[in-house]
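Notes to accompany the following structure.
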Amino acid sequence: MIAAVAVIAGIALLFGLALGFAAVRFRTEGDPVVDRIDALLPQTQCGQCSFAGCRPYAEAIAAGTADINRCPPGGEATIRALADLLERDPKPLDPESGEIKPRTVAVIDEPLCIGCTLCIQACPVDAILGAGKQMHTVIASECTGCELCVAPCPVDCIAMVEEPVTLKTWKWPRPAEPLAAERR
Amino acid sequence: MKQPGLWRFHGGLKLDARTARATGDQIGTIPVPPQLVLPLSQHVGQPAEPIVVPGERVLCGQPIARPSGYVGAKVHASSSGTVVEIANHPVPHPSGLAAPCIVIETDGLDERWTGYEPLSDYAALTGPELRARVRAAGVVGLGGAAFPTAVKLGAGSGLKLLILNGAECEPYICCDELLLRERAAEVLAGAQILLQALAIPRCVIAIENDKPLALEALELAIARAADPRLEVVSVPAVYPEGGERQLIKVLTGEEVPARGLPPDIGYLCHNVGTAAAVARAVLQGEPLISRIVTVTGDGVAGPRNVDVRLGTPISALVQACGGYTGEAAHLLMGGAMMGFPLADDSLPVIKGTNCIVVASREEIRPRAPVMPCIRCGECAEVCPAQLLPQQLYWHARSDDLEPLDDYHLFDCIECGCCDLACPSQIPLTQYFRYAKTELWARQHDRVRSDLARERFEARRDRLEAEQAARKQRLEEKARAADEARGDEQARKAMIDAALERVQARRDAGASGPPGKDE
Amino acid sequence: MRFELTRPPHLRPARSVTRVMGEVLLALVPATIAWVWFFGPGILYNMAVATLVAVACEAGALRLRDRALHPHLADLSAVVTAVLLAFCLPPLTPWWITATGAAFAILFAKQLYGGLGYNPFNPAMAGYVVLLISFPEQLTRWPWPQAGLGEITPVALGAWETLRFTLTGALPAGVSWDALSGATPLDDLRTRLSLAATVEQVRAGPLYGLVGGRGWEWIALWTGVGGLYLLWRRVIRWQIPLAVIAGLCLPATLAWLLAPATFPPPTFHLFSGAALLCAFFIATDPVSAATSPAGRLVYGFGIGALIFIIRSWGGYPDGVAFAVLLLNMAVPAIDHFTRPRTYGHAG
């Protein structure tokens, strides 16, 4: 009886020590899952997922408090990539968070701009250039299309414009012909 | 003709060449059209930058746009006239999109620009000097890919073999065959220049064995040139033999490493038309302003090859070949396999236009229902890149694109053999093109999102730093205020003390001896 | 001038699923004729029943799955399945047995998995195995081949009597199964070897011909001729047939050389039962076979070797169906490990 207890206790101690050692020896810095999730998010920082940016959303996904289908700018590709990473089933985009739209950039109607700097403060990636009482402009190549600057503008001079397709950005369309099997 | 041991590449198809109707005539010429449309992006790489302005008069051969990066090519006016606009025009491209073009209203004088010196003896020129002449002339690969030739000439040293690609394997296309038949000497001169520019010891000109006349002309020209470095090799006519990687395999038995280039294994490959353009650029100082185009198909009355100025509308080209027949239904640029359909014949001929097919309805593939894949594996049997097209297809069809890289999607040369072998009529090549461009776009998005993350984090750090700084400032102010308050108390205490002293003195005076004023 | 857009590449594909399936049916014609010659018209009735039921099941399933009828019925894949199933059944099989097999093959082995292209198992073999397990007695009652069997004077049913049997399952009055049928050569060999006879003694009997079973060897020969036609037409590639034959003959030769009294020669294996039908027509079903050239060799060799093992030591005289189904299961693994090297990539 005592021998059995001692053996079990001994084993428990041994495993405890091993685990403790492993925890110290193989300690990981930060939370790599969050980083890997964050790497898959489009970094639009738009907040449509109801979090204050891509990183907080990534943390929420990692913590299990948010689903993987709340990112409209990432669209299906992002959901699929997240599903692959987390080994879950992909699911359609949550309609509450918005809908998938083509990528846009903000454009300021410059003659209308009164130089209030509100949009500059709203922009999460510092893609708007300007100063108080001076005209503002959007650095198109830095704009993520998050639309966060649209609402604060008191004179409604910011429009979201679809990025034009050029020879460089054009994509071959997915073959449109349905399989005979899929047609009635 | 020397016939060394040849190797074979995997797969491929024996296709009906369909060139007989266009090879009967000599290379024709066509009059200068009233308007030339010259796209700024006729080559692989960055679009050229215009160096003329609307209203400016330009001469035939005058540079009108310069390369904006290392991988780029000049554009030259292909006849004299006036630049009327620089604006977006539809360009020949699978997308059907418009892109910036320089439009020239020709004056019919065809006055020559003489900025580039002709040169009878180039023996004294170094490699870089020859390369500069090629670059100045705006020469690009004329086999269809339109890669800037000068960039290719900058690729490495210690090359062991120059391969001139005359293996025109795609149905309908015969512009290289006619070039070899009529201008073999020019091609050889180009070969000699290329050999000198890169100090390559040997040149093989590969030509398919179904072009006996071209072979004969080339052998005669080689005998005349009496240059031991040059030789002709006749290769079997199997599509896609003319693919650079396939041709290298056939001639040498070696494979170009994936994501590598032929110079990595000591070979340099140029199209025979490119060699002729190099000879013209170096010897005559003539920039690339025209090219030979095969005009063929059931929809054109007089199929033939034409030496046509770049920027000429396709409609004028077809007109010069007898116009359309009643059967004309589809317009293709390039051959029947890798060519792409055009919606409109007002599009211009560009540097990469090797062939225009005006096809009848019967001539090309009818739209058949796509059946499910039956895993017959014929696609893999014919794939010259030794890929597994059906595996690629399963993933591309379910939009599961990430694993495609593992299946070497980017080694696909888009030759279309798998499409032709597929009994289920699955548009495999288009799936692969779709998947490739989609993956490139995602890669591009990833770069952008990394940039956005960086900027977001930088902004966050900045805001935090600003906030911290503000907090610190406030604290300091508060402390200063505190100190100030302390000072006040001290002063007040001082004043109080002084007042007390005064009061004390006053009290003392009242009781003590009388003051002076008393 | 405006032009209609098309899809590159613009050349016409040389083949279609319908043509592939049609060629397979065409290639089975000589073997069918040989079959009728030796075993009477029963196989034709079985083919008709199986085809009717298979096509009806296919149509019904397509309707239920809300799919277009036209291209799918026209692809002839259901007909090929039905005909291959009929090739495995005894000539005298009542219609309900044939119908059950065809219905199972199409509904369970094919359509439930998603129809043409998606079935992991060969539908004809799946249907056959279900019948073999459900109706063991009926499926092993083979009539004597009408090929001069010496002292055995076989009773043969005429075309009309055979039809009546197919429709009713009843033999004509006065005809017994004993007079009509006997064991197949493979079955006979198996039984008598277990009774301590030698191969040589067994093969001296009237059931046996030059290399295989009397009559059977000719059917096998014509099946092989059909298979060569498919090879010539590039409907099938050489790897699977060669590998099946090699997988069967190599161990068979080895065993025969070591113990000629208990193991028949490889030629006997090849020309008996469904070995050649399997090599050229069943194992080569592209949907359920391995796809890479190396994978096909492994797949075919596995089938051939399993046929030998089942015939020599298993519970059934001919092991084709089980061998094929077992290797069907291994296909994903085979394909995974036999991916060919891509151009420009190291081994």
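The values are calculated or read from the model by the stated rules, or taken from the named source; none is laboratory data. Here the structure is a predicted model, which is why all the values come from computation and not from measurement. Here the Cβ positions follow ideal geometry from the backbone for every residue, glycine too, while neighbour counts run over all protein chains shown.
Annotations for the structure displayed:
- In this structure, B:GLN489 does satisfy being farther than 30 Å from A:ARG36 by Cα and either free of Cβ contacts under 8 Å to residues at least 24 places away in the same chain or among the acidic types (Asp, Glu) (or both).
- Qualifying residue in segment B:12-19 (condition: closer than 22 Å to B:ALA136 by Cβ, buried (at least 17 other Cβ atoms within 10 Å of the Cβ) and of a type in the set (Ser, Thr, Tyr)): no
- Residue count, segment C:159-194 (criterion: without any contact (Cβ under 8 Å) to a residue 12 or more places away in the chain and farther than 14 Å from C:PRO94 by Cβ): 8
- Looking only at residues in segment C:13-22 that are farther than 12 Å from B:ALA421 by Cβ and surrounded by fewer than 19 Cβ atoms within 10 Å (Cβ to Cβ), the one that is modelled with the highest pLDDT is C:GLY22.
- Counting only residues that are aliphatic (A, V, I, L, M), facing another protein chain (nearest Cβ under 10 Å) and either free of Cβ contacts under 8 Å to residues at least 40 places away in the same chain or within 25 Å of B:ASP16 (Cα to Cα) (or both), segment B:315-345 holds 9 of them.
- Pairs where the first residue, in segment B:387-404, is under 17 Å from A:PRO175 (Cα atoms) and facing another protein chain (nearest Cβ under 9 Å) and the second is assigned to a loop (DSSP other than H, G, I, E, B) and among the small types (Gly, Ala, Ser), C-beta under 9 Å, 6+ apart: B:GLN390/B:GLY377
- For segment C:302-319, the count of residues that are within 14 Å of chain B (Cβ to nearest Cβ), surrounded by fewer than 23 Cβ atoms within 10 Å (Cβ to Cβ) and in contact with a Lys or Arg (Cβ under 7 Å, 6 or more places away or on another chain) is zero.
- Filter result (of a type outside the set (Gly, Ala, Ser) and surrounded by 23 or more Cβ atoms within 10 Å (Cβ to Cβ)) within segment C:93-120: C:THR93, C:THR98, C:ILE106, C:LYS110, C:GLN111, C:LEU116, C:ASN119
- Residues in segment B:360-416 that are under 14 Å from B:PRO427 (Cα atoms), among the hydrophobic types (A, V, I, L, M, F, W, C) and modelled with pLDDT under 90: 3 in all.
- Test: B:ASP487 is part of a helix (DSSP H, G or I), away from every other protein chain (no Cβ under 12 Å) and of a type outside the set (Gly, Ala, Ser): yes
- For the criterion of being in contact with a Lys or Arg (Cβ under 8 Å, 6 or more places away or on another chain), surrounded by fewer than 17 Cβ atoms within 10 Å (Cβ to Cβ) and not in a strand (DSSP E or B), B:LEU213 passes.
- Screening C:CYS88, C:CYS57 for residues that are buried (at least 24 other Cβ atoms within 10 Å of the Cβ) and out of contact with any Ser or Thr (no Cβ under 9 Å at 6 or more places or on another chain) leaves exactly one candidate, C:CYS88.
- The helices (runs of 4 or more DSSP H) falling completely within segment C:169-216 that include 3 or more residues that are closer than 13 Å to C:PRO264 by Cα map to C:185-194, C:199-203.
- Set C:VAL83, C:VAL36, C:VAL79, C:VAL53: member being over 22 Å from C:ALA109 (Cβ atoms) and either assigned to a helix (DSSP H, G or I) or in contact with a helix residue (DSSP H, G or I) (Cβ under 8 Å, 6 or more places away or on another chain) (or both): C:VAL36
- Top-ranked residue in segment C:23-33 [being part of a helix (DSSP H, G or I) and surrounded by 23 or more Cβ atoms within 10 Å (Cβ to Cβ); ranked as nearest to the other protein chains (Cβ to nearest Cβ)]: C:VAL24
- Cβ separations smaller than 7 Å between residues 6+ apart or across chains give the following pairs from segment B:425-443 residues that are within 8 Å of another protein chain (Cβ to nearest Cβ) and within 17 Å of B:VAL370 (Cβ to Cβ) to residues that are at pLDDT 90 or above and outside any loop (DSSP other than H, G, I, E, B): B:PRO427/B:ASP419; B:THR429/B:CYS418; B:THR429/B:ASP419; B:TYR431/B:TYR393; B:TYR431/B:ALA396; B:TYR434/B:ALA396.
- Residue among C:THR6, C:THR18 that alone is within 14 Å of chain B (Cβ to nearest Cβ), among the polar types (S, T, N, Q) and not in a helix (DSSP H, G or I): C:THR6
- Matching residues in segment B:113-165 - criterion: being of a type in the set (Asp, Glu), part of a loop (DSSP other than H, G, I, E, B) and without any contact (Cβ under 8 Å) to a residue 24 or more places away in the chain: B:ASP121
- Among residues of segment B:346-365, those that are more than 7 Å from every other protein chain (Cβ to nearest Cβ) and without any contact (Cβ under 8 Å) to a residue 12 or more places away in the chain, counted: 0
- Checking B:ILE374 against (1) closer than 21 Å to B:PRO341 by Cβ; (2) in contact with a helix residue (DSSP H, G or I) (Cβ under 9 Å, 6 or more places away or on another chain); (3) within 9 Å of chain C (Cβ to nearest Cβ), the condition it does not meet: (1)
- Restricting the search to strands (runs of 3 or more DSSP E) fully inside segment B:30-93 and requiring at least 1 residues that are without any contact (Cβ under 8 Å) to a residue 40 or more places away in the chain, charged (D, E, K, R) and surrounded by fewer than 19 Cβ atoms within 10 Å (Cβ to Cβ) gives B:63-66, B:81-90.
- Any hit, segment C:216-225, residues being modelled with pLDDT of 90 or more, crowded, with 19+ Cβ neighbours inside 10 Å and polar (S, T, N, Q): yes
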